[in-house]
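Okay, structure first, notes after.
The values are calculated or read from the model by the stated rules, or taken from the named source; none is laboratory data. All values reported here derive from a predicted model rather than from experimental measurement. As a convention, Cβ positions derive from the backbone with ideal geometry for all residues, glycine included, and neighbour counts pool all protein chains shown. Side chains included, ligands, DNA and RNA excluded: accessible areas come from the protein's heavy atoms. Shrake-Rupley method; radii C 1.70, N 1.55, O 1.52, S 1.80 Å.
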Amino acid sequence: MILVQNVDRPGVIGNIGLTLAKHGINIARFQLGRTKDKEQAICTVNLDTPASEDIMHEIRALPNIMTVRHIKFGA
């Protein structure tokens with residue numbers, strides 16, 4: 001799972017999806033939320049396969065992305 005914090009602008013979700021698809025990573029679930037003033041957003045993206053550090057770096061470099069974190073829980 002990755003956690004993405006971003007500026008709430010059109011195209012962010014599409015850019016994340018295209019980047020993952022380019023690397024053959026399927027999205028299992030995508031949850032969104034945003035601040036009341038609609039300036040910032042956050043999403044959790046459940047992935048079928050883990051994203052490498054290179055892919056994480058690529059997502060971080062996308063327009064309007066503020067932070068990207070890998071979240072791992074369980075065994």
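Rolling a 1.4 angstrom probe over the protein heavy atoms, how many square angstrom per residue are accessible across the chain?
66
To make sure I understand the rule: partners must be aspartates and glutamates, Cα under 18 Å from the Cα of Lys36, and not fewer than 8 residues away in the same chain. Which ones qualify?
Within the straight-line limit of under 18 Å, Lys36 reaches these aspartates and glutamates: Asp8.
In debye, nearest 20, what is the charge dipole magnitude of the chain about its Cα centre with +1 on Lys and Arg Cβ and -1 on Asp and Glu Cβ, if you could check? Please list the in-between numbers first.
Details: 9 positive and 7 negative charges, 41 e Å.
The calculated dipole for the chain is roughly 200 debye.
Regarding segment 1-65, what's the average projected area of the Cα-atom convex hull, expressed in nm²?
Numbers: hull surface 15.3 nm².
Result: a mean projected hull area of 3.8 nm².
Sequence-distant or interchain residues sharing an amide H contact under 5 Å with Asp8, placed H: which?
Gln40, Ala41
Using a 1.4 Å probe and counting only protein heavy atoms, arrange Val68, Val7 so the residue with the most accessible area comes first.
On the way: Val68 10, Val7 40 Å².
Largest to smallest exposure gives the sequence Val7, Val68.
On a 0 to 90° scale, report how tilted helix 12-22 is relative to the longest principal axis of the chain, with both axes built from alpha carbons and the result rounded to the nearest 10.
Computed tilt is about 20 degrees.
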